[in-house]
Amino acid sequence: MAPTPGGRRRTRVHVVSDVHGNARDLARAGEGADALICLGDLVLFLDYADHSRGIFPDLFGTENADRIVELRTARRFEEARAFGARLWAGLDQDRATAIEKAVRKQYAELFAAFPTPTYATYGNVDMPPLWQEYAGPGTTVLDGQRAEIGGWTFGFVGGGLRTPMRTPYEIDDEEYEAKIEAVGEVDVLCTHIPPEVPELVYDTVARRFERGSRALLDAIRRTRPRYALFGHVHQPLARRMRIGATECVNVGHFASSGRPWALEW
């Protein structure tokens with residue numbers, strides 16, 4: 001914490017989301033901050049900008065990665081699932097075993113890169129049951145829970161809502177709303193997905209609306225936190241907007257930028 005001219009010590013927090021395998025920059029993300037907050041999506045399953053990177057191309061090659069990205073981008077999800085099923089059927093090991101092995105390798109590197117202290121919640125592509133194995137004593141994992149940092153109360157809600165993509169940590173709207181309610185009134189509301197506002201959920205490169213949360217939007221309007229911080233949408237139409245008293249901020253696609261978003265008070 002840095003002192004202010006009046007003698008009060010200021011707090012600086014760095015916030016990242018959508019790390020997607022970028023351990024190199026993650027190791028530096030906490031420099032100059034009193035704490036790091038991570039809003040999830042540590043795993044890199046498939047890099048839509050570079051189809052040679054991620055678990056999928058490691059298993060099936062870049063050409064097959066090109067094809068599945070083409071199908072998903074065209075929203076031909078049933079064809080994409082059928083194509084993927086044929087590839088998985090040709091593996092020597094079952095799908096769950098292959099994915100868990102690859103995810104464990106990524107988690108070992110990424111959790112080792114977290115500075116102390118780190119406060120983290122899950123993204124929709126994460127595998128929550130594995131986190132406690134890799135989170136060291138300096139990393140606090142929260143989901144539907146609160147933490148105090150520098151005199152402010154932070155609430156954390158992880159995961160995403162159901163989509164045709166069927167990523168690992170998608171939950172029902174009712175379960176997500178219950179976690180929002182459990183957090184209650186906070187100074188900063190930290191989630192992986194944004195509130196359901198068209199400008200915040202539309203991805204200008206993927207050219208589609210991602211899923212945001214109506215319950216989150218309602219909670220922002222009702223409880224009026226100072227900030228609502230989130231990620232999930234990599235290239236949003238709007239990176240920030242004010243909803244009533246709350247500044248809503250997409251903290252950025254850390255995998256590509258390598259830069260945290262800073263909050264100081």
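The values are calculated or read from the model by the stated rules, or taken from the named source; none is laboratory data. Please read these numbers as outputs of a predicted model, since none were measured by experiment. FYI the Cβ positions are ideal-geometry reconstructions off the backbone, even for glycines, and counts take in every protein chain you see. These area figures cover heavy atoms from the full protein model, side chains too; ligands, DNA and RNA do not enter into them. Shrake-Rupley method; radii C 1.70, N 1.55, O 1.52, S 1.80 Å.
If you take the residues in the stretch 25-58 that are outside any loop (DSSP other than H, G, I, E, B) and within 16 Å of residue 168 (Cβ to Cβ), which one is farthest from the chain's Cα centre (by Cα)? Outline the logic, then answer.
From the stretch 25-58, those outside any loop (DSSP other than H, G, I, E, B) are 25-26, 35-38, 55-58; that's our starting set.
Cutting the leftovers down to within 16 Å of residue 168 (Cβ to Cβ) gives us 55-56.
Details: 55: 17, 56: 19 Å.
Restricting to residues being outside any loop (DSSP other than H, G, I, E, B) and within 16 Å of residue 168 (Cβ to Cβ), the top hit is 56.
Taking the stated definitions as given, is residue 73 of a type in the set (Val, Ile, Thr), open to solvent by less than 80 Å² (accessible area, probe 1.4 Å) and either within 28 Å of residue 206 (Cβ to Cβ) or touching a helix residue (DSSP H, G or I) at 6+ places or on another chain (Cβ under 8 Å) (or both)? Yes; evaluated as a whole, the condition is true for this residue. Of all residue pairs spaced 6 or more apart or on separate chains, those with beta-carbon atoms under 9 Å, a first member in the stretch 172-189 that is in contact (Cβ under 8 Å) with a residue 60 or more places away in the chain and a second member that is of a type outside the set (A, V, I, L, M) are 188/152; 188/153; 188/154; 188/155; 188/225; 188/226; 188/227. Only a single criterion out of (1) within 23 Å of residue 227 (Cα to Cα); (2) open to solvent by less than 30 Å² (accessible area, probe 1.4 Å); (3) of a type in the set (A, V, I, L, M) is not satisfied by residue 182, namely (2). Quick check: anything in the stretch 108-118 farther than 21 Å from residue 26 by Cβ and either surrounded by 14 or more Cβ atoms within 10 Å (Cβ to Cβ) or touching a strand residue (DSSP E or B) at 6+ places or on another chain (Cβ under 9 Å) (or both)? No - not one qualifying residue is present in the stretch 108-118.
So that you can scan it fast, the table gives a plain yes or no per residue for (1) open to solvent by less than 60 Å² (accessible area, probe 1.4 Å); (2) out of contact with any helix residue (DSSP H, G or I) (no Cβ under 9 Å at 6 or more places or on another chain); (3) of a type in the set (Lys, Arg); (4) without any contact (Cβ under 8 Å) to a residue 24 or more places away in the chain:
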| site | (1), (2), (3), (4) |
| --- | --- |
| 208 | yes, no, yes, no |
| 216 | yes, no, no, no |
| 219 | yes, no, no, no |
| 222 | no, yes, yes, yes |
| 240 | no, no, yes, yes |
| 253 | yes, yes, no, no |
| 256 | no, yes, no, no |
| 260 | yes, no, no, no |
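Scanning the stretch 88-108 for residues that are in a helix (DSSP H, G or I), over 21 Å from the mean Cα position of the chain (by Cα) and of a type outside the set (D, E, K, R) yields a total of 5. In the set (1) farther than 21 Å from residue 250 by Cα; (2) in a loop (DSSP other than H, G, I, E, B), the condition left unmet by residue 125 is number (1).
Here is the figure for the stretch 224-265: residues that are in contact with a Gly (Cβ under 9 Å, 6 or more places away or on another chain) and either in a strand (DSSP E or B) or among the aliphatic types (A, V, I, L, M) (or both) total 7.
Each residue in the stretch 124-161 was checked for being within 21 Å of residue 185 (Cβ to Cβ), open to solvent by less than 30 Å² (accessible area, probe 1.4 Å) and in contact with a Ser or Thr (Cβ under 6 Å, 6 or more places away or on another chain), and 4 of them qualify.
If you take the residues in the stretch 45-65 that are free of Cβ contacts under 8 Å to residues at least 40 places away in the same chain and among the charged types (D, E, K, R), which one is surrounded by the fewest Cβ atoms within 10 Å (Cβ to Cβ)? Among those residues, the one meeting the criterion is 63.
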